[in-house]
Structure formats: structure tokens, C-alpha cells
Amino acid sequence: LKGRALRCLSAREHSRAELVRKLARHEEVPGELDSVLDDLQAKGFISQERVVASVLNRRAAHMGAARVRQELQAKGIDAELVRDAVAGLRDSELERARAVWLKRFGGGAPADARQWARQMRFLMARGFAGDVVRRVVPDAPRCRCLGKSGRYGLCHDSTGFPCQKMHQKSLQHTSPVR
């Protein structure tokens, strides 16, 4: 059991809760796993601080604070350590979200509402905050035939011909404004 635990720890940092989940089925005598983990923790092989540092090193560059927080909580890390780690990430969230967006979409503004929604979902799924995502992703072009009154009308699509599609109030159909 101790050998299995050391093999897991040699691959990457594990929290105590992770090791309990992984090694519980190999425990032959009740209480053996706890004593092995207590011994490893006393010798410094198991450290929550190192687990937090490892997760931040691997994930922070391309994940938002919410996603990192969820991963740390799933690993059974103390709430105070999680709160401190996430607080440090919030300062750089806008820059990290912009870097992820640029890498994935090349900095091109979305051509329509569908692309805009796709780009928004991409960043939100990676745990970036909604206000940060709204500041990173440029607005989709709006159809110019819907004025202040919100009345339906005709617009011109990218080919220059009149658009014959009826608009919905949610602006599902949009074309670039010239």
C-alpha cells in the first residue's frame, strides 16, 4: 500500500483525499491506509501547499479562477488555501482570458451572433468570469435594419443583396454593418 502511494506521488502531487480515493480498494486491513498516509504526511511526502502550487502551475495559464477553484475543491484542499489561491488569480484574469481567446480565435472579431456565442461559451467553460469574458470578446455585428424602435425590416447581407429573412427580437440573424 505504501509503495502504491509512493508511485502515485512520484507521478505528480496528490492530496490526501485523492490518495484515499485511489488506494481505498487496495486496503486489506481496516485503518492501514490511514496509518500509511499519516506516515507519508509526517515525512512531508503529502503537502496541500504543493498540490495547490502544482495545480496553479498547470492550470492557471489557460483556466479561469472558477475552474481552478473547482479543481482544488475536488482534490479536497482546505477552503482557506483554495480561497487564497483563487484570490491571487483574480488579479490577472483579464490578461489570461485574453491570451486564451487570442490563441484559440486569433483575435478576430466574431462575424455573427453565432460565432460570438461560441466564443463566449468557450471562455465561460474554462472558468473565466462573465464580466471578464464580455470585456474580452468583441460584440457581434448587429443588423442595421432594426433601429431604435425594434421594428422588423430588411437588411443587406455580406453579398450586398437584401436579406429576406425575418428578424427575431433575439437578433439570431445578423449581418455585418457597412
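The single residue among GLY147, GLY160, GLY106 that is open to solvent by 40 Å² or more (accessible area, probe 1.4 Å), at pLDDT below 50, more than 30 Å from GLN73 (Cβ to Cβ) and small (Gly, Ala, Ser) turns out to be GLY147.
Report the residue count in region 110-129 for those that are farther than 22 Å from LEU56 by Cβ and either loosely packed, with under 14 Cβ neighbours inside 10 Å or in contact with a helix residue (DSSP H, G or I) (Cβ under 7 Å, 6 or more places away or on another chain) (or both).
Of all residues in region 110-129, those farther than 22 Å from LEU56 by Cβ come to 110-121.
If we keep only those that are either loosely packed, with under 14 Cβ neighbours inside 10 Å or in contact with a helix residue (DSSP H, G or I) (Cβ under 7 Å, 6 or more places away or on another chain) (or both) too, we end up with 110, 114, 118-121.
Result for region 110-129: 6.
When the helices (runs of 4 or more DSSP H) confined to region 46-99 are screened for residues that are more than 10 Å from the chain's Cα centre (by Cα) and exposed (fewer than 14 other Cβ atoms within 10 Å of the Cβ), those reaching at least 3 such residues are found at 48-59, 79-90.
When ARG25 is tested against (1) closer than 30 Å to GLY127 by Cα; (2) part of a helix (DSSP H, G or I), only condition (1) is not met. Answer yes or no as to whether VAL36 is open to solvent by 60 Å² or more (accessible area, probe 1.4 Å), farther than 22 Å from PHE128 by Cβ and of a type in the set (Val, Ile, Thr). Considered against the rule, which asks whether it is open to solvent by 60 Å² or more (accessible area, probe 1.4 Å), farther than 22 Å from PHE128 by Cβ and of a type in the set (Val, Ile, Thr), VAL36 comes out as no.
The values are calculated or read from the model by the stated rules, or taken from the named source; none is laboratory data. The model shown is predicted, which means the values in this text are computed figures rather than measured ones. Glycine also receives a Cβ, built like all others from the backbone with ideal geometry; neighbour counts cover every protein chain displayed. Side chains are part of the model used for accessible areas, which takes the heavy atoms of the whole protein and leaves out ligands, DNA and RNA. Shrake-Rupley method; radii C 1.70, N 1.55, O 1.52, S 1.80 Å.
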